[in-house]
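Asks: Supplied in structure tokens, the structure appears directly below.
None of the figures in this text is laboratory data; all of them are computed from the coordinates on show. Quantities reported herein were computed from a predicted structural model and do not represent experimental measurements. Methodologically, a virtual Cβ is constructed for each residue, glycine included, from the backbone with ideal geometry; neighbour enumeration extends over all protein chains shown.
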Amino acid sequence: MKSSYIISSINNGYLMLMTSPEETVAPQGNTHLPQNTKELLEQIRARPAMFIDRKSIHYLSVFLTGWIIGCGTKSEVLMDNDALYGFQIWIEKKYKIRTSHSWARIIDFYSPDESYAFDKFYELYDEFTKLKNAGKLKNLERTW
């Protein structure tokens, strides 16, 4: 008996064929699907329109939140969310902000527009990652 397929897409991104909610099959010839947050961020950097409607730091933030929530119990993916672990607090300290605003709102506040803020996110993410990998980030806890 043939399975019926439901065609869905991720925000005009990757085409997925689903035979049931539990089973997802990537069609042959599909480009590499991200396996973790770091890979996802690099793919978004290279081709933002594949994932979000426009280069917007807020669209990026919402998409990443959905990605992390969507990972659910996939522990190998959630463990890699360490790619952004501490980023919020690092941004707060870098900009000397004591507020409950998200990293996206803080970066956007110091940017002329959302597209610039999107590019600034990646600049800051690269700086953060470099410092983190060098072991130079300590005390990423809120002090207020």
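Asks: If you filter region 105-144 for GluC sites (Glu not before Pro), then keep DSSP loop positions with at most 15 other Cβ within 10 Å, what is left? If you can, show how the numbers build up before the last one.
Replies: Numbers: sites: Glu114, Glu123, Glu127, Glu141; in loops: Glu141.
Those satisfying the criteria are Glu141.
Asks: Please compute the modelled spin-label separation between Asp119 and Thr65, points set 7 Å along Cα→Cβ, answer in nm with one decimal.
Replies: Going from the Thr65 label point to the Asp119 one covers 2.6 nm.
Asks: Within region 102-144, report the trypsin sites (Lys or Arg not before Pro) that DSSP leaves as loop and that have at most 12 other Cβ atoms within 10 Å. Don't skip to the answer; put the middle values down first.
Replies: Working: sites: Arg105, Lys120, Lys130, Lys132, Lys136, Lys138, Arg142; in loops: Lys136, Lys138, Arg142.
When the trypsin sites (Lys or Arg not before Pro) of region 102-144 are filtered for loop state and at most 12 Cβ neighbours within 10 Å, Lys136, Lys138, Arg142 remain.
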